[in-house]
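Comments concern the structure below.
The values are calculated or read from the model by the stated rules, or taken from the named source; none is laboratory data. Note that the coordinates shown come from a computational prediction; the quantities given were computed from them, not determined experimentally. Counting neighbours? That spans all protein chains shown, and the Cβs are built from the backbone with ideal geometry, glycine included. Heavy atoms of the whole protein, side chains included, go into the accessibility calculation; ligands, DNA and RNA do not. Shrake-Rupley method; radii C 1.70, N 1.55, O 1.52, S 1.80 Å.
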Amino acid sequence: MDRVEVLKQAYQDELLDALRAERALERVPYPHIRALLEEVAKRERAHAEAIAEVLRRLQAPLPPTPKVEEEGWEALLHLLSEEGFDRAYYLESTFPDPDLEALFTRLGHEEKLNQEAIRKAVALLGGNL
C-alpha cells in the first residue's frame, strides 16, 4: 500500500474511533466518565485532522466519513480493542518521510492515553451502559 492509501486508511480509522467515542458517551450518565470519553473523542478528531493536513499537503482527496454501526457498550468495547491495534500499527510503521514518521510516533503514544482512558471508563461502568 502506498503512502497516500496508508494515510487515507488511518484518517478513516481515527475518524471512526472519534465517532465511536462520541456514540458511546451518549449513554454515559456520569460526568467524570463522560469527561474521559470526551477527551478520547477530542484526541481522535485531532488525529484525523493531523492526517487530513498531510493528505491535503499531498493534494490527495479525503476519504468519505465512515459510518458507526455500534452503540453504547458495543461501541465502547470496539473502541477499546481498536486503540490497541492502532497504537501497535503506528509505533511499528516506518516511512522514509521523517515528518510522517514523527506524526505516526506521536499518534501511537497518544493512542496509549486513549486506551488507558477507555479501559478506565469500562472498569468504572462495569458493564452498565
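Classify the stretch 22-129 as rounded, prolate or oblate, taking a ≥ b ≥ c as the square roots of the eigenvalues of its Cα gyration tensor: rounded when a/c is under 1.5, otherwise prolate if a/b is larger than b/c and oblate if not. Taking the square roots of the gyration eigenvalues as a ≥ b ≥ c, the stretch 22-129 is prolate.
At an R0 of 25 angstrom, the distance between the Cβ atoms of Glu5 and Ala35 translates into a FRET efficiency of 0.10.
Counting only protein heavy atoms and a 1.4 Å probe, the chain has 54 square angstrom of accessible area per residue.
Using a probe radius of 1.4 angstrom, the carbon and sulfur fraction of the accessible surface of the stretch 23-129 is 53%. Across the chain, the relative contact order, built from alpha-carbon pairs under 8 Å that are at least six residues apart, equals 31 percent.
Answer rounded, prolate or oblate for the stretch 48-109, using the Cα gyration tensor with square roots of eigenvalues a ≥ b ≥ c: rounded when a/c is under 1.5, else prolate when a/b is larger than b/c, else oblate. Oblate. With a ≥ b ≥ c taken as the square roots of the eigenvalues of the C-alpha gyration tensor of the stretch 1-78, please select rounded if a/c is under 1.5 and otherwise prolate if a/b is larger than b/c or oblate if it is not? Because a/c hits 1.5 or more and a/b exceeds b/c, the stretch 1-78 counts as prolate.
Report summary: the helix-based calculation at 222 nm, which adds -39500 (n - 2.57) for every DSSP H run with n ≥ 4 and divides by the residues of the chain, gives -27000 deg cm²/dmol. Compute the angle between helix 98-125 and the longest alpha-carbon principal axis of the chain, please, reported from 0 to 90 degrees and rounded to the nearest 10. The two axes meet at around 10 degrees. Axis of helix 31-57 versus longest Cα principal axis of the chain: the two differ by about 10°, to the nearest ten degrees. Seen against the Cα atoms of the chain and their longest principal axis, helix 3-25 is set at about 10 degrees. For the stretch 10-102, the list of GluC sites (Glu not before Pro) that fall in a loop by DSSP and count at most 14 other C-beta atoms within 10 angstrom reads Glu26, Glu69, Glu71. Between Phe95 and Glu71, the contour length at 0.36 nm per residue exceeds the alpha carbon distance by 5.1 nm.
In the stretch 1-90, which trypsin sites (Lys or Arg not before Pro) fall in coil by DSSP and have 12 or fewer other Cβ atoms within 10 Å? When the trypsin sites (Lys or Arg not before Pro) of the stretch 1-90 are filtered for loop state and at most 12 Cβ neighbours within 10 Å, Lys67 remain. Net charge dipole, the stretch 57-129: roughly 180 debye, given to the nearest 20, about the Cα centre with Cβ charges of +1 for Lys and Arg and -1 for Asp and Glu.
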